[in-house]
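Okay, structure first, notes after.
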Amino acid sequence: MSTPPSDAEVVARILGGDVEAFGLLVDRYQSIFAPYAAQVTGSADDAADVIQESFVRAYRFLSRCDNPANFKAWLFRIVSNQCKSHMSRGWRRKTVPVDDIATLPAPDDPARDVAAGDLQDRVQRVLQQLPPDQREVLVLKYVQDLSLIEIADVLRVSVPALKMRLLRARTALRRKLQGVMV
Amino acid sequence: MTDREPDALSRYLDGEATRAELPAALREEADAFDRIRAAMDPGPVKLPPGLRATIMARVRAAHASPWRRAWRWVTTPTVRVSPLTGTLAFAALAALILWARPQSSRLRERPVETTGHIVARFVYRAPTASSVVVTGEFARWDPSGVAMRRVDGGTWVAEIELTPGLHHYAFVVDGKRWVIDPNATSQVDDGFGQQNSVLLIPNTD
């Protein structure tokens, strides 16, 4: 069984004129970035738009990828920027009405030990109520499981600034979830 | 959960310390956040089945675009040109493309000649569509032919390099609805009870 070509090898083939090789990168990364884009934009439909634009943009500017071995991080940055651009243009954005928070159980409510599925639903809704920069950093850290250095590279911020943003995001998330978790 | 996060807990949640390194008093709070962390994962996101084909159609179109070909020609190291020759050649090509650039206000395909080939501009109005593809003999009637891009609220545009002659084509809206071009000069029967649009590109020789 042959080993799949590395990202650097695929990028070299594409830059050499083999446009069909780009499909390998699409297959490799579209499903990885889709959950991230869906959570940041708040919609699976918007995520599909973001993924499409990101890959086309990546192809157009592939020669600017300084380190093809690190193509994933470079593409991640493009996807992140496309998510921001997408939202700033005021395209479809699914938001959760603030009133929904009122349905969360009070701290002394016996229903506070919510089932895992229920908790996931509430966490997902609360994530959508956070500011985009806080939502993004939480998803990068705790869903995409990137290291602080990798996230700092994607977002082009320093690690100390990233830690501060992450701390604020966790604090905001906890506040909105108070009454749900111990 | 407390509102203020102790430093030791921050280090754990930043991934800089293990759970074993946490003071015992903070482990319950760490476990609570770990449950939130697990609930943050939305699971797999279902993407449209034609997304890959649309991306690749746009990538192929970008690969074939005159601008990209010109850029590759100028930047490809296998052809050695002096900086002066390259600059003059690029300027000449840019002038040719600017001279031949179609008017965006026209809603019909407008053939544009570049380097012996013709770039046909296809335009279709579909304000409620989520995708529009132009296909025809030039794309072997592949339903995922060449993806058109939305240029405003409801106008979809694609540029395709074609040879002089007659070309039959149609638009595919949202991956399933085949429609003719209402702005085409003529339509022909496709032999299966439907019609195709016709584009005539004159030979400029």
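Assuming charge only on the beta carbon of Lys and Arg (+1) and of Asp and Glu (-1), the dipole of the range A:7-79 about its Cα centre is about 240 debye to the nearest 20. Ranking of A:K141, A:K163 by solvent-accessible surface, largest first: A:K163, A:K141 (1.4 Å probe, protein heavy atoms only, all chains present). For the range B:1-33, which residues drop by 30 square angstrom or more in accessible area between the chain on its own and all protein chains together (1.4 Å probe)? Buried-area filter returns B:M1, B:D3, B:E5, B:L13, B:D14, B:E16, B:F33. By the Kirkwood approach, averaging reciprocal distances over each pair of separate Cα atoms, the range A:134-182 gets a hydrodynamic radius of 11.2 Å. Simple rule: put +1 on each Lys or Arg Cβ and -1 on each Asp or Glu Cβ in the range A:126-170, find the dipole, and look at A:L166, A:V143, A:V154; the Cα lying farthest toward the positive end is A:L166. Solvent-accessible surface (1.4 Å probe) assigned to B:S10 amounts to roughly 20 Å².
Taking packing as the residue-averaged number of other Cβ atoms within 10 angstrom, the listed peptides A:12-24, A:50-62 run from highest to lowest as A:50-62, A:12-24. Think of the range A:1-95 as having a plus end and a minus end, set by charges on the Cβ of Lys, Arg, Asp and Glu; of A:Y36, A:V19, A:H86, A:H86 sits farthest toward the positive end of this dipole. Remark: accessible area buried at the B-A interface is about 3900 Å², both chains counted, probe radius 1.4 Å. Computed over the range A:9-76, the convex hull of the alpha-carbon atoms projects to a mean area of 4.2 nm².
The values are calculated or read from the model by the stated rules, or taken from the named source; none is laboratory data. It should be emphasised that the depicted structure is a prediction, and the values quoted were computed from it without experimental measurement. Methodologically, a virtual Cβ is constructed for each residue, glycine included, from the backbone with ideal geometry; neighbour enumeration extends over all protein chains shown. Ligands, DNA and RNA are excluded from the accessible area calculation, which covers all protein heavy atoms including side chains. Shrake-Rupley method; radii C 1.70, N 1.55, O 1.52, S 1.80 Å.
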